[in-house]
1. Identify the single condition in (1) out of contact with any strand residue (DSSP E or B) (no Cβ under 7 Å at 6 or more places or on another chain); (2) at pLDDT 95 or above that Leu65 does not satisfy, given that it satisfies every other one.
2. What number goes with the only condition from (1) farther than 30 Å from Val157 by Cβ; (2) surrounded by 12 or more Cβ atoms within 10 Å (Cβ to Cβ); (3) of a type in the set (D, E, K, R) that Glu7 does not pass?
3. Could you grab me the full set of residues in the stretch 56-106 that are under 14 Å from Val131 (Cα atoms) and among the hydroxyl-bearing types (Ser, Thr, Tyr)?
4. Can you work out which of the residues in the stretch 123-145 that are among the aromatic types (Phe, Trp, Tyr) and open to solvent by 20 Å² or more (accessible area, probe 1.4 Å) is farthest from Val157 (Cα to Cα)?
5. Somewhere in the stretch 44-59, is a residue under 25 Å from Val4 (Cα atoms), of a type in the set (Asp, Glu) and over 17 Å from the mean Cα position of the chain (by Cα)?
6. Being assigned to a helix (DSSP H, G or I), over 19 Å from Val117 (Cα atoms) and more than 17 Å from the chain's Cα centre (by Cα) is the filter here, so list the residues in the stretch 131-160 that pass it.
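The values are calculated or read from the model by the stated rules, or taken from the named source; none is laboratory data. Just so it is clear, the model here is predicted, and its values are computed rather than measured. Cβ placement follows ideal geometry from the backbone for every residue including glycine, while neighbour counts extend to all protein chains displayed. When the accessible area is computed, the model is the full protein with side chains, heavy atoms only, and any ligands, DNA or RNA have been set aside. Shrake-Rupley method; radii C 1.70, N 1.55, O 1.52, S 1.80 Å.
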Amino acid sequence: EPSVRAELDRIIEKYPVKRSALVPALTLAQRQNGFISSAVMQHVAGIFEISPMEVWGVVTFYSMLKTYPIGEYHFQVCNNLSCALMGAGPLLRGLEARLGIKAGQTREDGKFSIEKVECLGACGGAPCLQVNEDYFEWATPGMLEEIVSVLEKGEYVPPIGADEVAPPGAGAVAAA
């Protein structure tokens with residue numbers, strides 16, 4: 001698509017070394033396709049004049065880059081020590097029950113997916129979960145229910161915690 005290629009060229013121009021633009025280019029490809037397929041990796045390798053295995057190495061290193069389709073709303077539940085001690089297990093089980101899928105799966109309608117991750121880097125707000133790019137710290141089952149209910153309606157749920165950057169006029173989810 002010409003507009004995507006123009007955006008990719010704009011990204012590459014920002015870097016003195018072309019290869020430095022690889023992660024932003026892969027992020028762009030994922031935004032366009034929903035995930036990064038083998039064909040996309042081969043195409044990107046050609047653009048960057050590197051091997052497809054080098055691209056694969058980058059894609060599999062960064063947890064935000066996906067090699068499989070994820071839901072419109074992708075839940076990542078931290079399972080590292082702080083979050084595990086503060087209730088990530090029950091939170092994950094509650095989310096799986098509410099959405100009817102297990103970690104590593106995407107719901108049949110493509111709306112939701114769940115992933116158990118090692119660390120979201122928000123140990124002070126444990127347990128933490130991430131929905132797409134927004135963090136929800138000090139997450140509780142009640143808060144989770146409200147988040148899912150709002151997302152099912154296609155409405156925006158502002159983040160809760162250190163990175164609160166809700167747009168003006170967005171509703172808030174009460175910590176329950």
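1. With (1) out of contact with any strand residue (DSSP E or B) (no Cβ under 7 Å at 6 or more places or on another chain); (2) at pLDDT 95 or above applied to Leu65, the lone miss is (2).
2. (1)
3. Ser63, Tyr73, Thr106
4. The first filter runs over the stretch 123-145 and keeps only residues among the aromatic types (Phe, Trp, Tyr), leaving 135-136, 138.
Filter again for open to solvent by 20 Å² or more (accessible area, probe 1.4 Å), leaving 135, 138.
Numbers: Tyr135: 10, Trp138: 15 Å.
That would be Trp138.
5. The answer is yes; a qualifying residue exists.
6. Gly142, Met143, Glu145, Glu146, Ser149, Val150, Glu152 - these are the residues of the stretch 131-160 that are assigned to a helix (DSSP H, G or I), over 19 Å from Val117 (Cα atoms) and more than 17 Å from the chain's Cα centre (by Cα).
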